[in-house]
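Reading through the structure tokens given below for one structure.
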Amino acid sequence: MKACVLHDVASIEVREIPRPQVPPDHVLVRVSAVGICGTDTHIFAGHANYNTDASGRPIPLSVQPQILGHEISGIIEEIGAEVRDLKPGDRVVLDQGLNCISIHRSQLCEYCQTGDSHQCEFYREHGITGLQGGLAEFVAIPASNAILVTSPLGVAEAAMVEPLGCVIHSSDLVGRAHSRYAINSEMPERRVRHVLVCGAGPAGLLFTQYLRHGLNYDGLLLVVEPNAAKRKLAERFGCDQVLDPTSCDVGAEVQERTAGRGVQYLIEASGQGKSFASIPRLIRKQATVLLYGHGHAGTDLSALNSVMFKEPTLVTPVGASGGFETDGRPAVYRRALRMIEQRRIEVSPIISHNYASLDAVQGALSAGMRSGDYVKGVVTLPQN
């Protein structure tokens, strides 16, 4: 089969590699679509490497090349001998994370027991920690990680289940946190009435929609975003005001809209260092801060000093995996899939760039994501 092989920093080659074998409890999936994620760009550019050896040291790409791609939809090509509830031709979305259920541990680790499977003690991840990802013609994965799609949902839209799952999982963790303020709190004085989302990339736009249509939040919702196209999408998806940091003093605007106190809940979804450094001016004392975006290059740890002074609750989630349903499949992914199928969350407008082959991936990761009209890219593969 063909696959995009990241063999050095910022260098992908489309190579012929062996098609994966199919163990008895696995399915072989012909990849239909793969979303391009910020995590892919960090690994591609050499800013991150989550493929580590037994002592936790990153394994260089020159020693062990990687195949990225973890936002995957596809069609089952072949099933293992023990698989009973899926069949060839079924359309699926994939949870790329392997956990205690995936590897059939009789005793779940403490994290899988509490619905925190993304922190499973035995966790490994296709497309991120060295296991083959979805930027290939086929991928083999445990059947319990394949979620059936029964609606006519498009393949590119289906690939958006994973990023929406990350937003839902993050919001679930915020709901479990011991915070002073909470969305839909029964105590009016503790109820979140002012929210600020920093960044209107794919994550920020999904958070905006999930706040309105998943959590039924009806208070003030502000979004900070310098890109005009993304600002229009944020307005479309339900924010009250989009602030352009290149043309206004965001801190002053937030203070004016919150009676001088700052927001009770801030979602940092940009991964930009300047955004992180601005947090102290934007939040009130003992606010909740969700640190979702990764990166923050150019900002040293001293930026934490003013944040810490306000005693916020910091929530730092990763991934979409959570608890399990009765058939062992990931509950958060099913929730995300249903919300997209029911059109409670719009994902098609977020997809600005469609790439029609594996050959386009190098260009997408090296330059395409920096174009002014870029919001989200999805690689859609021909189904021969």
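The values are calculated or read from the model by the stated rules, or taken from the named source; none is laboratory data. None of these values were measured; they are calculated from a predicted model. Glycine gets a Cβ as well: all are built from the backbone with ideal geometry, and neighbour counts include every protein chain shown. These accessible areas exclude ligands, DNA and RNA; they are computed on the full protein's heavy atoms, side chains included. Shrake-Rupley method; radii C 1.70, N 1.55, O 1.52, S 1.80 Å.
Key figures for this structure:
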| quantity | calculated |
| --- | --- |
| 0 to 90° range, to nearest 10: angle between helix 161-176 axis and the chain longest Cα axis | 50 degrees |
| Karplus-derived HN-Hα couplings along the stretch 264-271 (A = 6.51, B = -1.76, C = 1.60, θ = phi - 60°), whole Hz, x at Gly and Pro | 7, 9, 10, 10, 8, 10, 9, x |
| Cβ-derived FRET efficiency at R0 35 Å, ASP85 paired with THR52, nearest 0.05 | 0.55 |
| Isotropically averaged projected area of the stretch 205-273, using the convex hull of Cα atoms (one quarter of hull area), nm² | 4.8 nm² |
| For the stretch 236-355: relative contact order, % (alpha-carbon pairs under 8 angstrom, 6 or more apart) | 17 percent |
| Label-point separation in nm, MET187 to ASP25, each point 7 Å along Cα→Cβ | 4.5 nm |
| Cα-only radius of gyration and Dmax that characterise the chain, units Å | 20.6, 63 |
| Whole-Å distance, taken between Cα centres, linking the stretch 128-167 and the stretch 1-70 | 15 Å |
| Gaussian network model of the chain, springs between alpha carbon atoms under 10 Å - residue of GLY97, GLY56, GLY130 with greatest fluctuation | GLY56 |
| Taking the chain and dividing mean pair separation by its residue count, relative contact order in percent (alpha carbons under 8 Å, at least six apart) | 19 percent |
| Fraction of accessible area attributable to carbon and sulfur, the chain (%, probe 1.4 Å) | 50 percent |
| Probe 1.4 Å, all protein chains present, accessible-area order of TYR111, TYR181, largest first | TYR111, TYR181 |
| Accessible solvent surface per residue of the stretch 79-207, calculated while the other protein chains remain in place, 1.4 angstrom probe, Å² | 39 Å² |
| Ellipticity estimate at 222 nm from DSSP helix runs (n ≥ 4, -39,500 (n - 2.57)) divided over the chain, nearest 500 | -6500 deg cm²/dmol |
| Listed residues ALA81, ALA177, ALA54, most fluctuating in the chain (Gaussian network, C-alpha, under 10 Å) | ALA54 |
| Around SER352: net Lys/Arg minus Asp/Glu count, Cβ-Cβ under 10 Å | +1 |
| Average accessible area per residue (Å²) across the stretch 240-346 - probe 1.4 Å, nucleic acids and ligands excluded | 48 Å² |
| Candidates LEU94, LEU337, LEU131: whichever shows maximal mean-square fluctuation once the chain is modelled as a Gaussian network with Cα springs under 10 Å | LEU131 |
| For the chain, share of DSSP beta bridges that run antiparallel, in % to the nearest 5 | 60 percent |
| Rounded FRET efficiency, nearest 0.05, which uses the C-beta distance separating LYS274 from ALA229 and R0 of 25 Å | 0.80 |
| Percentage relative contact order, the stretch 221-274, counting C-alpha pairs under 8 Å, at least six apart | 28 percent |
| Estimated distance in nm for a label pair at ALA297 and GLN383, the labels positioned 7 Å out from Cα along Cα-to-Cβ | 3.8 nm |
| Amide proton proximity set for LEU98, modelled H, under 5 Å, gap of 5+ | ARG124, GLU125, HIS126 |
| Gain on full stretching of the segment that runs from SER151 to LEU304 - 0.36 nm per residue minus C-alpha separation | 50.5 nm |
| Potential lengthening between ASP244 and SER62 on full extension [0.36 nm per residue; Cα-Cα distance subtracted] | 61.4 nm |
| Solvent exposure ordering (accessible area, 1.4 Å, most first) of MET369, MET1 | MET369, MET1 |
| Phi to ³J(HN,Hα) by Karplus 6.51 cos²θ - 1.76 cosθ + 1.60 over the stretch 295-312, Hz, x for Gly, Pro | x, 6, 4, x, 10, 8, 5, 5, 4, 5, 4, 6, 5, 4, 4, 8, 6, x |
| Longest DSSP-loop-exposure-free segment, GluC sites (Glu not before Pro), the chain, at most 15 other Cβ within 10 Å | 187-324 |
| Inter-part distance where the stretch 355-380 and the stretch 287-339 are each reduced to a Cα centre, Å | 26 Å |
| Neighbourhood net charge (13 Å Cβ-Cβ; Lys/Arg +1, Asp/Glu -1) for PRO23 | -3 |
| Charge dipole magnitude, Cβ of K and R +1, D and E -1 - the chain, Cα centre, debye nearest 20 | 880 debye |
| Over the stretch 287-343: Rg over Rh, Cα atoms, Kirkwood Rh | 1.17 |
| Positive-end residue of ILE36, VAL14, HIS26, charge dipole of the stretch 1-43 with Cβ unit charges | HIS26 |
| Backbone HN-Hα couplings from phi across the stretch 9-18 [Karplus 6.51/-1.76/1.60, Hz, Gly and Pro as x] | 4, 6, 9, 10, 10, 7, 10, 8, 10, x |
